[in-house]
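Heads up: the structure comes next, in structure tokens.
Read-outs throughout are calculated quantities, based only on the coordinates presented, and are distinct from any laboratory measurement. For clarity, every value in this text was computed on a predicted model and none was experimentally measured. Please note: Cβ atoms are built from the backbone with ideal geometry, for glycine as well, and neighbour counts cover all protein chains shown.
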Amino acid sequence: MAPFVPAALVVTLAFNPYAVGGVASSRSAVAELGAPAEDSQPGWDEIEAEGKKEETKADEAATTATATPTPAPTPKPSANAKPTYRKGTGLIIGASITGGLGWVLGLTRMAFVKKCADAIQAADNAEKGFGAASTCFTKAGLGNLLLLPFQYTLNAATWGLAPAAGAVRGRYDGVEHAWSGKRSRKAGAFIGVGAGVLALGVIGRIVAAAMVGAPFKKLSSDALLADPEGAVEDFSRAYRLRLFGVQLSSASIALGAGLLAFGAAYRKNYESQSKFLQQVRIMPDVQIDPRVGLGSAGLAISGRF
């Protein structure tokens with residue numbers, strides 16, 4: 001029994017896992033099984049370093065989130081809100097300016113012709129009369145030629161600004177009157193009057209274009225030989241009347257188009273908004289704040305009876 005005890009002790013020490021040989025054998029066995037060796041596992045220093053890196057990343061993320069707050073959601077306009085439109089004041093002022101300047105140029109051209117006729121009639125003899133006629137016809141002719149394109153350009157600009165101003169103002173007044181509960185204006189009257197004035201203006205322009213050479217027929221040789229002063233006076237009157245007709249017809253076109261556009265736009269917007277307000281509107285009302293994830297929901301009922 002005594003020899004057996006030392007032998008068992010030697011075997012135990014030989015196969016102890018903490019022995020050198022045992023450690024090598026253990027590592028060999030683990031390697032054969034495909035498991036990672038003891039040295040490949042991270043130590044406490046490596047684990048602590050990884051933990052510090054994770055904490056640093058978390059702190060940086062928190063700092064970035066604090067520095068750039070989430071913007072508040074932009075409120076969307078409600079579908080039941082009253083539409084807002086411009087009054088068209090700028091267009092009205094622009095049409096008034098161009099129309100007024102057109103009248104200034106038209107009256108200036110008429111004044112040129114009047115001065116020309118007065119100078120001829122004031123001459124006391126044929127020689128002075130011929131000189132006055134040549135001088136005033138030159139000045140009046142050149143003045144008319146220079147002012148003609150500016151006058152027609154201003155009139156054409158007024159034709160565009162006037163109906164635009166009428167349409168914009170009609171839309172604004174139609175919406176405002178519908179939402180304020182006012183009684184509708186007589187849009188048909190605006191449309192009828194505007195159409196009539198517009199038609200008169202167009203007819204006037206056609207007549208003025210057809211009579212472009214009529215005043216000069218007053219200066220025929222027979223008329224000048226028979227009554228020079230009368231012929232000049234007739235020419236001056238006819239020419240000034242034509243210039244006045246041109247400008248009056250141009251103003252009528254602008255005014256008629258403006259009234260017609262106002263009436264049509266007013267009627268359309270007043271009726272559409274009135275129908276819209278008389279209908280009962282039921283729609284969900286949901287409000288959500290994405291920053292906190294909370295919100296409220298309900299049912300909005302609005303209408304006009």
Using the Cα centre of the stretch 89-275 as origin and beta-carbon charges of +1 (Lys, Arg) and -1 (Asp, Glu), tell me which of Gly192, Ala95, Met211 is placed farthest towards the positive end of the dipole. Gly192
Under the 0.36 nm per residue contour assumption, what length would be gained going from the current alpha-carbon distance of Arg86 and Ile206 to full extension? 39.6 nm
Expressed as a rounded percentage, what relative contact order does the stretch 105-216 have, with Cα pairs under 8 Å and six or more residues apart? 19
By how many nm would the segment from Ser221 to Phe150 lengthen if fully extended, with 0.36 nm per residue of separation less the alpha-carbon distance? 22.3 nm
Angstrom value of the Kirkwood radius, inverse mean 1/r, which spans all Cα pairs in the stretch 89-275: 18.8
